[in-house]
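Right, one structure below, let's go through it.
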Amino acid sequence: MIQSDLDLFGPQPQRLAAHTVLLPGFALAEMEPLLDALRPVLRAAPFRHMQTPGGQHMAVALTNCGALGWVSDAKGYRYTPTDPQSGEPWPDLPQVLLGLARRAAEVAGFEGFVPDACLVNHYLPGTRLSLHQDKNERDFSQPIVSISLGLPAVFLLGGLLRSDRTQRVPLSHGDVMVWGGEDRLRFHGVMPVKPGVHPRMGERRINLTLRKAG
Ligand code: MD3
Ligand code: FE
């Protein structure tokens, strides 16, 4: 067999855990339609730094689209149907995101995924996301699909206990990750984003997570 690094089919899906799949570059083919769809979302519901229940400012700036949006304030973490900043419903979930999420979930073995919430996180260089679990959704049998844009980051994939060892997973522009099943409640976080300028996205990392929250 002749050895070659030439990869005519692009990078293959990587299984990181039993029900966690990394799809390198999965969003690249639809990147421009995705960014075109994101622009009006961010105009209607700009990024903001939410307060933690403890009264701290979150380092990650965030916003949402979809029927439900994740918010954090003195009252705690929860999903709401309206943007507390505008009093209006969150912007609609763009079709291009719905389609991408459904197809990514399918590749990872989750049929018929219909998200109703998309949390959009914004990281400047130096911003990190500390280890946490996503537990505000109603049905943990539904997967979560994440799309990474802009500057690369190292994702930390932990276990079901905060003290479990973490795997470091590099994430780049256009990478899509799907996790569900027994991995849905794993602790996870993001290492501080290294300074840099992404040719398409500039000095930032944006992460979209598509969820079935309600
Ligand atoms: C694997 N966001 O918004 S997305 C979050 O990059 C969040 O902004 C991170 O964690 C970000 O809640 C990571 C990828 C991800 C998210 C949750 C997971 C992967 C996961 C939960 C379990 C296993
Ligand atoms: Fe999370």
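The values are calculated or read from the model by the stated rules, or taken from the named source; none is laboratory data. Just so it is clear, the structure is predicted and the values come from calculations on it, not from any experiment. For neighbour counting, all protein chains shown are included, and Cβ atoms are generated from backbone atoms with ideal geometry for every residue, glycine included. Heavy atoms of the whole protein, side chains included, go into the accessibility calculation; ligands, DNA and RNA do not. Shrake-Rupley method; radii C 1.70, N 1.55, O 1.52, S 1.80 Å.
Among residues that are away from ligand 2 (no atom under 12 Å from the Cβ), open to solvent by 50 Å² or more (accessible area, probe 1.4 Å) and either assigned to a loop (DSSP other than H, G, I, E, B) or in contact (Cβ under 8 Å) with a residue 40 or more places away in the chain (or both), ARG186 is not included. Tell me, please, whether a residue that is more than 22 Å from LEU124 (Cα to Cα), in contact with a His (Cβ under 7 Å, 6 or more places away or on another chain), modelled with pLDDT of 95 or more and within 10 Å of ligand 1 (Cβ to nearest atom) can be found in the stretch 194-213. No, every residue in the stretch 194-213 fails to be more than 22 Å from LEU124 (Cα to Cα), in contact with a His (Cβ under 7 Å, 6 or more places away or on another chain), modelled with pLDDT of 95 or more and within 10 Å of ligand 1 (Cβ to nearest atom). Looking at the stretch 112-152, which of its residues are aromatic (Phe, Trp, Tyr) and over 20 Å from ALA101 (Cα atoms)? Hit for the stretch 112-152 is TYR123, nothing else.
Answer yes or no as to whether GLU111 is at pLDDT 95 or above, over 25 Å from PRO81 (Cα atoms) and of a type in the set (Asp, Glu). Yes, satisfied. At least 3 residues being open to solvent by less than 30 Å² (accessible area, probe 1.4 Å) and on the phi < 0 side of the Ramachandran plot is the threshold, and among the strands (runs of 3 or more DSSP E) wholly inside the stretch 81-181 those reaching it are 117-123, 144-150, 153-157, 176-179.
A single member of ASP134, ASP73, ASP116 is closer than 26 Å to ASP164 by Cβ and either within 13 Å of ligand 1 (Cβ to nearest atom) or modelled with pLDDT of 95 or more (or both), and it is ASP134.
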